[in-house]
Amino acid sequence: SGVRIKLMRQLTGGLFSAEVETIKQTTEDDGVFDWLVPLDLDPRDSYFVRVESIDHEEVMGDSAPFTIRAEIRVLAPKTNDGPFFFGDEVEISWLSQGVNDPVHIELREDRLLFDQFHLTVAESTTDDGTHAWR
């Protein structure tokens, strides 16, 4: 006998749920399954995993709710890359996961207690991991 594993999402209020996708249609009932989170999932709260018995559909169990987050990590420029001078072309690079939209790039100054916005470098640019700024 085996189990089916589904990714579910709690709907507003948590009283109802909806299936997002079937993670594995059939797998051994050995208590372990390694899952690679798909890059095209919407980042949000209230996901959970449901494990169902193949032989007895009324037998199932749910995980605790969890969050899937999108992430953008800026690789360059780094602190030691400067100084930059007027007219220099600066390569901005980043890695992203779970971002399926264009990205917005801003120049900000890191202050002790807060960031200060200076200007928009790119209002909307393709999330390809690089942007040349001049």
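The values are calculated or read from the model by the stated rules, or taken from the named source; none is laboratory data. Since the model is a prediction, treat every value here as computed from it, not as a measurement. Neighbour counts are summed over all protein chains in view; Cβ atoms, including those assigned to glycine, are modelled from backbone coordinates with ideal geometry. What goes into the accessible areas is simple: the full protein's heavy atoms, side chains included, and nothing from ligands, DNA or RNA. Shrake-Rupley method; radii C 1.70, N 1.55, O 1.52, S 1.80 Å.
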Could you put Trp133, Trp94 in order of accessible surface area, largest first, with the 1.4 Å probe and the full protein assembly present?
Trp133, Trp94
Rounded to the nearest Å, the spacing of the alpha-carbon centers of the stretch 90-128 and the stretch 16-75 is 31 Å
What number comes out for the charge environment of Arg69, summing +1 per Lys or Arg and -1 per Asp or Glu over other residues with Cβ under 10 Å away?
-1
Picking from Ile68, Phe85, Thr126, whose Cα lies most toward the positive end of the charge dipole for the chain (charges on Cβ: Lys, Arg +1; Asp, Glu -1)?
Phe85
Determine the principal axes of the Cα atoms in the chain, then give the extent along each, sorted from largest to smallest and rounded to whole angstroms.
69, 30, 26
Under the definition of Cα pairs under 8 Å and six or more residues apart, what whole-number percent is the relative contact order of the stretch 83-134?
46 percent
